[in-house]
1. Just grab the label-to-label distance for residue 211 and residue 56, each label 7 Å out from Cα along the Cβ direction, in nm (one decimal).
2. Can you sort 176, 210, 24 by how many other beta carbons sit within 10 Å, fewest first?
3. Take the alpha carbon atoms of region 228-249, find their center, do the same for region 74-126, and report the distance between the two centers in whole angstrom.
4. 7 Å from Cα along Cα→Cβ at both residue 228 and residue 78: what's the point-to-point distance in nm?
5. To test your reading of the geometry: what angle, between 0 and 90 degrees and rounded to tens, separates the Cα axis of helix 131-141 from the longest principal axis of the chain?
6. For region 143-228, what does the alpha-carbon gyration tensor say about shape, rounded, prolate or oblate, given a ≥ b ≥ c as the root eigenvalues, a/c under 1.5 as rounded, and a/b over b/c as prolate?
7. Rounded to the nearest 500 deg cm²/dmol, what is the calculated helix-only ellipticity per residue at 222 nm for the chain, with -39500 (n - 2.57) per DSSP H run of length n ≥ 4?
8. Sort 156, 163 by Cβ crowding within 10 Å, fewest neighbours at the top.
């Protein structure tokens, strides 16, 4: 949507419970789940996987496993019984996964993807590790932008909001004046990012999910997940699968 000055809008949805307020068919929807699903997906395509099939139900993962698919999945941070591995980004960097299709099922990230996978939305997976690539991709599309924070079980998530703020800041200060916002969530996200950007690793110590991961011994991915521009890979939804946008060119 343009405003009266001919700029594309930037909005941020803090929780899946609020998605109905932002749902629209003309937007680029950037789904982010920094700890850990969106970071893992970007890492997978950086490693050369062919595609990722996101699913929401454990029964779907089990059915794909019976068909011989590689399955990655977790609930509450713990690997699903039917899964070959969980959703640590490091799992997806294994050389044996290159050229493979992976079925993925997570507590928050894949649920968010299934929620928005309809209509004419352009669904993009965003993380700090592909931030600049996503910004460039979005700007080329020339469409309104909604950043969808997967959160934690429908709750606000600091790490996802920091990414939303970093993305919003880049778009709103693109040097061309193509984007604007009157969305308080986008403004608040950008302000939070300004507080954290000098030391995001230190700032994230405050985050609830950071403490959850530490308690489960899964916090080895924190620094990697906050690393900017590790990859140029851009996962996008094509039909029922995620593929690297570079394959669609």
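1. If labels sit at residue 211 and residue 56, their model points lie 3.0 nm apart.
2. Values: 176 8, 210 18, 24 14.
Ordered from fewest to most neighbouring Cβ atoms within 10 Å, 176, 210, 24 come out as 176, 24, 210.
3. 13 Å
4. About 3.8 nm, to one decimal.
5. 60 degrees
6. Judged from the Cα gyration tensor, region 143-228 comes out prolate (a/c at least 1.5, a/b above b/c).
7. One gets -9500 deg cm²/dmol as the mean residue ellipticity at 222 nm.
8. Sorted ascending by nearby Cβ count, the order is 156, 163.
No value in this document is a laboratory result; all are computed from the given coordinates. Keep in mind the model is a prediction, meaning the values are calculated, not measured. Cβ coordinates were reconstructed from backbone atoms using ideal geometry, including for glycine residues, and neighbour counts include every protein chain displayed.
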